[in-house]
Amino acid sequence: MKHLLSTTLTLTALASSYAAAEKVATPIPIGIAVAQTSNTALLGQEQVIGARFAEKYINARGGINGTPIKLVFQDTGGDEAGAINAFQNLITKDKVVGIVGPTLSQQAFSADPIADRAKVPVVGPSNTAKGIPQIGNFVARVSAPVSVVAPNAIRTALRLDPKIKKVAVLYAQNDAFSTSETGTFQQTAKDQGLTVSTVQKFLTTDSDFTTQVTAVLNADVDLVIVSGLANDGGNLVKQLRQLGYKGSIIGGNGLNTSNMFPVCQQYCDGIIIAQAYSPAQPSANNQLFVKEYSAQYKKAPPQFAAQAFTGVQVVVDALKVIDRKKKLGEWELADLRVALNTQILVGKYSTPLGAISFDKEGELQQADFYVAQIKMKDAKTGSFVFLK
Ligand code: LEU
């Protein structure tokens, strides 16, 4: 019995020392957990493109001081369960050094705590709800929060039409980002002296918005502000126009993709959307990024692609600093993850978003923001025109 017990103890000790001694694989695995399926893929698709482009771009320039990176993709789908599953796979099976993801704040509030408990750094590429960096020490984001981005759209709408007085606000009540963003929109509208005549709720799974549109038309407003995601938001705008709404429309961050064009078609025309990225951002790093991206995809990089690229770049830049002090191949995975998180938070980065850094909670510090307006040529083709 005594003998058996000590054997068991030895085996347990061996197993744990084996786990502790786990080294980092090469190429260096970085996890990408975004929506590749479901309606949320309308948004996630651009993130996949941005991340893949970053992998190629970075490896063509020597990766991490000569060691290549390898992105490991796990599809999150559009819900919390999918994001949790993707995170768990990346952490325990794929043994990534850090994770860029998920697509939605709604997913981040469920999945990020898992990475945080496992001491795996997370860089949110598009999570803009209030409270994301505060999820935990291991959570940062390269997507500026609604409080910083959204007010720009209202200021621009008022500049384009100073006669705007009455506003209708609509939001997806089952989505964390949309409820957060509408809070900012409603506050900004009041601060700008506008009257919020009606507030309407919907679900990201809705496709019929007759009730909400009727309420908007009855309220006789000159500006409609929509916080939702791409499919629901697109259908809502389309039905607003089809039922006769003629005034201005602001779309939130969830409508910020040309993948919405097939949904609202010619009715997308004129939507005003604040931007956390512009291809015209003048830094040398951005201009090179834009040049190579445009050469490959025959269009300028959209915001979600640029932010996903930036998320990967931040992880890589931080790893470069660590690698200069002690080669990545000599690190134990668990220790490297912790060191990576520390370095991400103290680093300064020259990215397509301009010069960025993080505060000690992991909140993004970014200087430049923009507003664009959708211009549709016909029912299928359109573009985001940046406004001065
Ligand atoms: N900003 C949104 C969120 O934080 C996601 C984006 C892809 C529309 O949920």
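The values are calculated or read from the model by the stated rules, or taken from the named source; none is laboratory data. Because the structure is predicted, anything quoted here is derived from the model rather than measured. Reconstructed Cβ throughout: ideal geometry from the backbone, glycine too, with neighbour counts over all protein chains shown. Note: accessible area is taken over every heavy atom of the protein model, side chains too, but ligands, DNA and RNA are not part of it. Shrake-Rupley method; radii C 1.70, N 1.55, O 1.52, S 1.80 Å.
Can you say whether residue 278 is under 19 Å from the mean Cα position of the chain (by Cα), surrounded by fewer than 18 Cβ atoms within 10 Å (Cβ to Cβ) and either under 23 Å from residue 159 (Cβ atoms) or of a type in the set (Ser, Thr, Tyr) (or both), as far as the supplied structure shows?
Working: under 19 Å from the mean Cα position of the chain (by Cα): yes; surrounded by fewer than 18 Cβ atoms within 10 Å (Cβ to Cβ): no; either under 23 Å from residue 159 (Cβ atoms) or of a type in the set (Ser, Thr, Tyr) (or both): yes.
In short, no.
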Problem set entry | Residues satisfying the stated conditions in segment 230-252, i.e. within 16 Å of the ligand (Cβ to nearest atom), touching a residue at least 40 places away in the same chain (Cβ under 8 Å) and open to solvent by 20 Å² or more (accessible area, probe 1.4 Å) | 231
Problem set entry | Residue among 299, 325 that alone is of a type in the set (D, E, K, R), under 23 Å from residue 356 (Cβ atoms), modelled with pLDDT of 95 or more and open to solvent by 20 Å² or more (accessible area, probe 1.4 Å) | 325
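For segment 30-52, which positions are away from the ligand (no atom under 16 Å from the Cβ) and open to solvent by 10 Å² or more (accessible area, probe 1.4 Å)?
Listed by number, the list holds a single entry, 52.
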Seminar exercise, completed: Here, strands (runs of 3 or more DSSP E) confined to segment 152-259 with at least 2 residues that are of a type in the set (Gly, Ala, Ser) are 166-172, 248-251
For this session: Please work out if residue 78 is in the same structural domain as residue 302 (by TED's automatic domain parsing), within 16 Å of the ligand (Cβ to nearest atom) and more than 24 Å from residue 329 (Cα to Cα).
Result: yes
For this session: Would you tally the residues in segment 152-174 being within 16 Å of the ligand (Cβ to nearest atom) and either buried (at least 23 other Cβ atoms within 10 Å of the Cβ) or among the β-branched types (Val, Ile, Thr) (or both)?
Result: 4
Exercise. Condition test on residue 307, is it part of a helix (DSSP H, G or I) and either touching a Cys at 6+ places or on another chain (Cβ under 9 Å) or surrounded by 23 or more Cβ atoms within 10 Å (Cβ to Cβ) (or both)?
Worked result: yes
Exercise. If a residue has to be open to solvent by 30 Å² or more (accessible area, probe 1.4 Å) and either hydroxyl-bearing (Ser, Thr, Tyr) or more than 21 Å from residue 43 (Cα to Cα) (or both) to count, how many in segment 125-151 make the cut?
Worked result: 4
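Is it the case, given these coordinates, that residue 147 is farther than 25 Å from residue 357 by Cβ, within 16 Å of the ligand (Cβ to nearest atom) and in a helix (DSSP H, G or I)?
Details: farther than 25 Å from residue 357 by Cβ: no; within 16 Å of the ligand (Cβ to nearest atom): yes; in a helix (DSSP H, G or I): yes.
For residue 147, the condition - farther than 25 Å from residue 357 by Cβ, within 16 Å of the ligand (Cβ to nearest atom) and in a helix (DSSP H, G or I) - is not met.
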